[in-house]
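Participant: Before I ask anything, let me first share the structure, which is written out below as structure tokens.
Read-outs: derived from the displayed coordinates by stated rules, not from any lab. Here the structure is a predicted model, which means the values were calculated and not measured. FYI the Cβ positions are ideal-geometry reconstructions off the backbone, even for glycines, and counts take in every protein chain you see.
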């Protein structure tokens with residue numbers, strides 16, 4: 001996929017799978033995101049419980065990969081985009097007006113899926129500026 005096709009695809013979607021790694025241990029979670037196609041970066045609002053595995057991984061400044069994918073035409077066409085880089089947490093008091101707009105584009109996590117009260121959840125904002133961004137379209141000819 002060209003850069004323009006990748007940007008259009010990421011702008012049309014809002015969910016993917018974020019994979020984190022530290023040492024030799026991987027961890028993957030479904031997430032929602034906002035995408036800034038001008039700067040080619042992602043904005044994530046991640047929710048966790050303070051003692052969760054997710055929070056442990058996020059606290060270690062892990063290497064990250066974000067995979068966004070889709071299919072169409074009854075499984076005849078597949079698209080996938082992989083972004084690789086490092087997550088950077090952003091303190092709410094350090095947000096710029098442009099960042100606030102981008103976080104507004106990120107789908108909010110559904111608190112109903114958590115087994116804890118909203119007050120017990122840790123909500124953190126992240127910026128993900130990939131150092132590598134690639135995409136692929138595959139057309140399958142079935143017999």
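Participant: Would you mind ranking 45, 8 so that the residue whose beta carbon has the fewest other beta carbons within 10 Å leads the list?
Facilitator: Result, fewest neighbours first: 8, 45.
Participant: Also, I was wondering about something else. What ranking do 37, 139 get, fewest neighbouring Cβ atoms within 10 angstrom at the top? Don't skip to the end; give the middle numbers.
Facilitator: Details: 37 13, 139 8.
The most exposed by this proxy come first: 139, 37.
Participant: Please arrange 65, 13, 88 by counting, for each residue, the other beta carbons lying within 10 Å of its beta carbon, fewest first.
Facilitator: Details: 65 20, 13 16, 88 12.
Fewest-to-most ranking of 65, 13, 88: 88, 13, 65.
Participant: Continuing with this model, one more query. Calculate the all-directions average of the projected area of segment 1-68's alpha-carbon convex hull, and give it in nm².
Facilitator: On the way: hull surface 20.2 nm².
Here the figure is 5.1 nm², rounded to one decimal.
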